Amino acid sequence: MAVKTMEEGKARSGGSLLGALKRYSFVLVFLAIYIVYAVVSGGLTVGATMNIFRHSAVIGIIAVGMGLICLTGDIDLSVGSMLAFVAGFSVVVFNQTQGSIPLTLLFALCLGALCGLLNGVLVGVVEMPSFIVTLATMLIFRSLSQYECQHLPSELIGNGSSVYRMSSTLPSYQAIYQFGNGRLPGGMPIVGLILLLVIIVFVYLLTSTKFGKKVYAVGSNARAARLAGISVPLMRTLVFVIAGALIGLAAFLWIAMNASSDPATTGKSYEMYAIAAVVLGGISMSGGRGKLLGVLFGAMSYTVIDKVIIALKMDSLINDTIKGVILILVILIQIMGPKLKDRFGKSKAGASE
Amino acid sequence: MELLGMRDIHKSFSGVPVLRGVSLSVQEGEVHALLGENGAGKSTLMNILTGAYACDSGTITFAGNDITNASIKQVEDAGIAFVHQELNLFNDLLAYENIFLGQELTNRFGSLDKGKMISQAHDLFTRLGVDIDPCALVDDLKPSEKQLLEISRALFRNARLLILDEPTTALNTEEVEHLFSIVRGLRKGGTSFIFISHKMPEIFELCDSYTILRNGSFIKSGRIADTTPAEATSLMVGASMEQRGSWQPRELGDEVLRLEGYSGNGFRNVDLSVRRGEVIGLTGLKGCGSSELMQTLFGVMRPTGGVASISGTKLHGGSIHEAMRAGVAMLPADRKENSVVPDMSLLENMCLSEQVLSAKSLPISRSREVERFDHYKRLLGIKAPSPDANINSLSGGNQQKVFIARWLNTDASVLLLDNPTQGIDVGAKAEIYRLILGLAEAGKTGLINTLEIPELKEVADTCYVFYEGEVVKALPHDQIDERTVMLYSTNSLATA
């Protein structure tokens, strides 16, 4: 054990090029996939590249929340259902407030934070396992959004049947749709810019503030963190609340982009994509280690895979197979690489004796 | 006849030599004491023997075969078994299942032959004189029974050499006697033992021969019959013992910490008054309540009665944050579990607690933190390459200094140090204690909980001896000595 930690220490203090490559391997993975995309689509336009940001916005913001939770050593399986739940009711609020965009956004953020608070209190204060808690709330949020969609008066859900639809007759409908689908000069989608802003804020929070240090400390050694004075229950609850608010933001972007939310399919399997993006981004699932910046690249890598499949005109049902295989490959390289090197290095040392 | 021969073993960890040409020879059918202070290199030597570490140079022979740098499995198969301090048993399995694990007996249909295993385990226990029900859940066994179970398991697997690493720490006198009688019986049958212990009376009662290590070097080996406890002790500690003494009477300030009838989980009715600049030692046997007192004072556990006040302000208790704001700091025991944040750098580890107190202003000023780091690095003599090095790249003593810096950085006035020299080499120990005296000189107040009385003698102005949760005696500095403290901590005076 002592030997292992010493090796880890050495590996981390190594400022070599190899060390840097290892620490930013998520960039390499993204670039590799991106090059494949460039090749199969026969050269890339700026618009196509900017589209990656558009399609990464929702999952990227969710993955940031997931990354935060994973850094404390927990997990949130409810993010996809929570997205559908918050998106559905935000549509209702939009329709009910005569299309008030600020109120809709505020509601989405608050409902998301509230859902996160439910998860967070059960995990952080009651100390139930996060896997179980969020498994349960995953079922609850999905079911509630589907149930309410059937039982609310149909004018509240924009006269849709089994879909929450924003009422297109409201004056601000165009404005919110424009927000969700518009582009800035230069082609950057507005939602993509929001993703970048979220990433910048959270990278700053995690690397350069006391809050960030506490998140890492709790995930790295909760006992030591507690004895250093950190309120571990508070921190564990807080990351769930923040993740919930981020999902609220993602839900707002979702309805702005789609003008509707289907409670059965919105955010389906998003918990898995978010976790995959977090892992691909190099954050340790046991907590305490990894960079939030990696999450951006992890999420974008998956968006590009979608686009590769479309460009190759493959059946989209093969999508998850490829995503799964890539996840296994990347982690395989990360885990087997040092082991192979160790074995190779050892046999070499043995031969020289 | 020689069973085990380790010759001229060298081992370094990241350039720091921990073993410098150590030799160890164990004869067949003898109990061999391996002596040395914490950090002398005993554990490293044993880890090399059992295959956990590879040695840099040297040879190991066992029963005539060369087993230098063999794997853990090969060493086990050769007949060497390590009975660890932290026992290697599966608590959720039954006693006999532990014995047969990996070598289960099956009937001709391939299913487990439980009846046969239980009866064989029963026979084994009877033969050894061990009174354990083969079908008992290991979790329900007493520590002494677990130890005997592990010895039984090793013998079942034909071990010829057993390493007993401080086997008596968790046992009472009767259980120790029982263990020793079993060891003596096995010795008669030709089994050999390496016995690692700090308790001289036990060693002189049980062992045939000894090897002494100090600071990674071989010092002496010979027959127990030819030496005395006093000689062995002075060989173990070397000359450094005399040089250490830097305690001087100091001017003490006003009262800083006051406990009245303070009670909690594991201790009761403690009255204590500590003045600014004073260094107080708390000691007693394992489980005497002194560590619990510290944890309660720091807010880890809730007090059940009495009053604790810092500079006149009462503590409500049960909140670490409250204690920290009042200027109390605690360096917990078991550094690896309770202090080290393994994924963080030295700087981050050091600043963590200060950041908790100043959490209201969110951003971190790296330049100011590095400045503080450099200040404490000089003050405490931390040997570290850079503030960004990983905490695990430092030696135990230097890690501990980083954690002392963690608390000094919060401007704490009362330092609770729970077993601060645990797992630290001899040189660094003396340094830590010099630091504590230096800090006391500068007006900090220190409470030290340790079982190592010679160390307390170096630093403590007063020593409070605990027995079963209560303070039985307060000894002023010049009355602290091993014998007196032992008398009170075992409560021998009351029973005599």
Calculate the spin-label point distance for residue B:23 paired with residue B:126, positioning each point 7 Å from the Cα along the beta-carbon direction, and give it in nanometres. 4.7 nm
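Among A:308, A:133, A:40, A:295, what is the fewest-to-most ranking by other Cβ atoms within 10 Å?
A:40, A:308, A:133, A:295
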On the formula 1/(1 + (r/R0)^6), with r taken between the Cβ atoms of residue B:135 and residue B:200 and R0 of 56 Å, the FRET efficiency rounded to 0.05 is 0.90
Normalised alpha carbon radius of gyration of the range B:195-299 [divisor 2.2 N^0.38 Å]: 1.57
Rounded to the nearest 5, the percent of DSSP beta bridges in the range B:2-242 running antiparallel is 55 percent
Can you work out ³J(HN,Hα) from phi for every residue in the range A:185-194, in order, using Karplus 6.51 cos²θ - 1.76 cosθ + 1.60 and θ = phi - 60°, giving whole Hz and x for Gly and Pro? x, x, x, 6, x, 4, 5, x, 4, 5
So what's the range A:51-335 giving for Rg/Rh, alpha carbon basis, Kirkwood Rh from the mean inverse pair distance? 0.98
Along each of its three principal axes, how wide is the spread of alpha-carbon positions in the protein assembly as shown, in whole angstrom units, largest first? 102, 76, 53
Once amide H atoms are built 1.01 Å from N in the peptide plane, which residues 5 or more positions from residue B:463, or in another chain, come under 5 Å H to H? B:281, B:475
If one takes the longest principal axis of the Cα atoms in chain B, at what angle in degrees, from 0 to 90 and to the nearest 10, does the Cα axis of helix B:143-156 lie? 30 degrees
Under 1.5 on a/c is rounded, so check that first for the range A:236-353, then, if it is not, pick prolate when a/b is larger than b/c and oblate when it is not; a ≥ b ≥ c are the square roots of the alpha carbon gyration tensor eigenvalues. oblate
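Report Rg/Rh for the range B:246-495, rounded to two decimals, where Rg is the Cα radius of gyration and Rh the Kirkwood radius.
That ratio equals 0.96.
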What FRET efficiency would be calculated for the residue pair residue A:200, residue A:132, taking the C-beta separation as r and a Förster radius of 41 Å, to the nearest 0.05? 0.75
Name all residues of the range B:409-449 having a backbone nitrogen under 14 Å from the label point set 7 Å from the Cα of residue B:368 along its Cα→Cβ direction, giving them as ranges. B:410-411
Hz values of 3J(HN,Hα) by residue in the range B:229-235 - Karplus curve (6.51, -1.76, 1.60), Gly and Pro given as x: x, 5, 5, 4, 4, 5, 5
May I ask what percent, to the nearest 5, of DSSP beta bridges between residues of chain B are antiparallel? 55 percent
Which far-off residues, 5 or more places away or on another chain, put their amide H under 5 Å from the one on residue B:331, with H placed in the peptide plane? B:416, B:417, B:418
Please name whichever of B:445, A:284, B:126 sits farthest to the positive end of the charge dipole of the protein assembly as shown, dipole taken about the Cα centre and charges placed at Cβ: Lys and Arg +1, Asp and Glu -1. A:284
Can you report the principal axis dimensions of the range B:358-496 using only the alpha carbons, biggest first, rounded to whole angstrom? 62, 33, 25
Report the relative contact order of chain B, percent, no decimals, based on alpha-carbon pairs under 8 angstrom and at least 6 residues apart. 15 percent
Distance in nm between pseudo-label sites at residue B:104 and residue B:16 (7 Å out along the Cβ direction from Cα): 4.4 nm
What is the mean number of Cβ atoms from other protein chains located within 10 Å of the Cβ atom of each residue in peptide B:353-359, rounded to a whole number? 5
Where in the range A:62-103 does the label zone of residue A:154 land, with the point 7 angstrom along Cα→C-beta and an amide N cut-off under 18 Å? A:92, A:95-96
Would you mind classifying the range A:82-160 by shape? Square roots of the alpha carbon gyration tensor eigenvalues, ordered a ≥ b ≥ c; an a/c under 1.5 is rounded, otherwise it is prolate if a/b is larger than b/c and oblate if not. oblate
Over the range B:71-197, equivalent-ellipsoid semi-axes from the Cα gyration tensor in Å: 23, 17, 14
Assertion target for B:407, A:254, ordered by fewest C-beta neighbours within 10 angstrom first, is B:407, A:254
Could you list log10 I(q)/I(0) for the range A:195-301 at q = 0.16 Å⁻¹, which the Debye formula gives when each Cα is one point scatterer? -0.82
Built amide H within the under 5 Å cut-off of residue B:3, gap 5+: B:26, B:27, B:28
Compute from the Cα atoms of chain B the Rg and the Dmax, the latter being the longest Cα-Cα distance, and quote both in angstrom. 24.9, 81
Charged-residue dipole, Cβ positions (Lys, Arg, Asp, Glu), the range B:2-242 about Cα centre, Debye nearest 20: 600 debye
From phi via Karplus (6.51, -1.76, 1.60), per-residue ³J(HN,Hα) for the range B:190-204 in Hz, x at Gly/Pro: x, 6, 10, 9, 9, 10, 9, 7, 9, 8, 4, x, 5, 4, 6
Span per principal axis, largest first, for the Cα atoms of the range B:2-242 (Å): 63, 37, 30
Just check the range B:317-432 against the gyration tensor rule for me: Cα atoms, a ≥ b ≥ c as the square roots of the eigenvalues, rounded for a/c under 1.5, and otherwise prolate or oblate depending on whether a/b exceeds b/c. oblate
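Suppose R0 equals 56 Å; then what is the FRET efficiency for residue B:360 and residue B:223 from their Cβ-Cβ distance, rounded to the nearest 0.05?
Efficiency, from the Cβ-Cβ distance: 0.25.
Since every read-out is calculated from the coordinates, none of them should be taken as a lab result. If you're wondering where the values come from, they're calculated on a predicted model, not measured in any experiment. With ideal geometry, Cβ positions are generated from the backbone for all residues, glycine too; neighbour counts draw on all protein chains shown.
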